[in-house]
Amino acid sequence: MPSGRVHNLINIAAYSVLSAAALVLSRQELLTITPVQALNFTLAFAAGTFLLSPDLDLADGHVNSKRYWGWLGFLWVPYGKLFKHRGLSHSWVLGPLTRLAYLALLITLIVGVLRSAVPDLILPTIPQPISLKFILPLVLGYYLSQWLHLIADGIRPDHGFRHSAKQLQARQVKVRRLRARRR
Ligand SMILES: [Zn+2]
């Protein structure tokens, strides 16, 4: 399994290659990317690489991705306890969503505490409506950073399905055995 440092290097290398390719394509007018879209992609890719790595499922111990949160790293300990290493957290579609959902929960809790402590507190709001052109680079950047991690870990896209299929199979075998015993 690659270390956190190796994962970072792989992602940085992939980002460099992609940026160069995007630059060449937009110079030849084959691709149009606005500066905001480029920034969104970069921010989401960096967040996915450094702050929301799949290896946060190890956050109940010492792990690189927890360290990037500084003193806030302890906030990820429950996530590490909740998710088995390389289980659902390392699946291609749901895995990245578990970290976003957990982060949303953390933010909701923190905002709730802040609001009750300081009722007149003015917090930044998200401008509405958000266009697809704004969101898409964020989603792409985040998911790409996650998938590069999973590829480096040698995890296939059907990881989650295979995992649940195996569990289902084991359960069916158990039921069959129980039934056979009853006969
Ligand atoms: Zn991993």
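The values are calculated or read from the model by the stated rules, or taken from the named source; none is laboratory data. What you are looking at is a predicted structure, and each value in this text was computed from that prediction instead of being measured. Reconstructed Cβ throughout: ideal geometry from the backbone, glycine too, with neighbour counts over all protein chains shown. Areas reflect the complete protein model, heavy atoms only, side chains present, ligands, DNA and RNA absent. Shrake-Rupley method; radii C 1.70, N 1.55, O 1.52, S 1.80 Å.
For the criterion of being within 16 Å of the ligand (Cβ to nearest atom), open to solvent by 90 Å² or more (accessible area, probe 1.4 Å), out of contact with any strand residue (DSSP E or B) (no Cβ under 7 Å at 6 or more places or on another chain) and not aromatic (F, W, Y), L105 fails.
A Cβ distance below 7 Å, combined with a sequence gap of six or more or placement on separate chains, defines the contacts here; from region 81-97, residues that are under 11 Å from L56 (Cβ atoms) and in contact (Cβ under 8 Å) with a residue 24 or more places away in the chain reach residues that are open to solvent by 50 Å² or more (accessible area, probe 1.4 Å) and away from the ligand (no atom under 12 Å from the Cβ) in the pairs G95/L88. Every condition in (1) farther than 19 Å from G141 by Cα; (2) away from the ligand (no atom under 13 Å from the Cβ); (3) part of a helix (DSSP H, G or I) holds for D57 except the one numbered (2). Checked against (1) part of a helix (DSSP H, G or I); (2) closer than 16 Å to S89 by Cα, A21 passes all but condition (2).
T32 meets all of the listed conditions (1) at pLDDT 95 or above; (2) in contact with a helix residue (DSSP H, G or I) (Cβ under 7 Å, 6 or more places away or on another chain); (3) farther than 25 Å from S91 by Cβ but one, namely (1).
If you scan region 11-59, which residues turn out to be of a type in the set (D, E, K, R) and over 21 Å from R99 (Cα atoms)? It would help to see each step written out before you state the result.
Initial filter on region 11-59 (of a type in the set (D, E, K, R)): 27, 29, 55, 57.
Correct list: R27, E29.
Is it the case that L94 is surrounded by 15 or more Cβ atoms within 10 Å (Cβ to Cβ) and of a type in the set (A, V, I, L, M)? Against the criterion (surrounded by 15 or more Cβ atoms within 10 Å (Cβ to Cβ) and of a type in the set (A, V, I, L, M)), L94 does not qualify.
Matching residues to (1) surrounded by fewer than 11 Cβ atoms within 10 Å (Cβ to Cβ); (2) in a helix (DSSP H, G or I); (3) of a type outside the set (D, E, K, R):
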position: T98; (1), (2), (3): no, yes, yes
position: S116; (1), (2), (3): yes, yes, yes
position: P119; (1), (2), (3): yes, no, yes
position: T125; (1), (2), (3): yes, no, yes
position: P137; (1), (2), (3): no, yes, yes
position: I151; (1), (2), (3): no, yes, yes
position: V173; (1), (2), (3): yes, yes, yes
position: R177; (1), (2), (3): yes, yes, no
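Restricting the first member to region 147-170 and to residues that are within 16 Å of the ligand (Cβ to nearest atom) and at pLDDT 75 or above, and the second to residues that are outside any loop (DSSP other than H, G, I, E, B) and open to solvent by 60 Å² or more (accessible area, probe 1.4 Å), the beta-carbon pairs closer than 7 Å and six or more apart or on different chains are L148/I10; A152/I10. Reported count of residues in region 1-18, each being surrounded by 14 or more Cβ atoms within 10 Å (Cβ to Cβ) and either small (G, A, S) or within 16 Å of the ligand (Cβ to nearest atom) (or both), is 7. One residue is enough: does region 61-69 have a residue meeting the conditions more than 16 Å from the ligand (Cβ to nearest atom), open to solvent by 40 Å² or more (accessible area, probe 1.4 Å) and at pLDDT below 95? There is at least one residue in region 61-69 that is more than 16 Å from the ligand (Cβ to nearest atom), open to solvent by 40 Å² or more (accessible area, probe 1.4 Å) and at pLDDT below 95.
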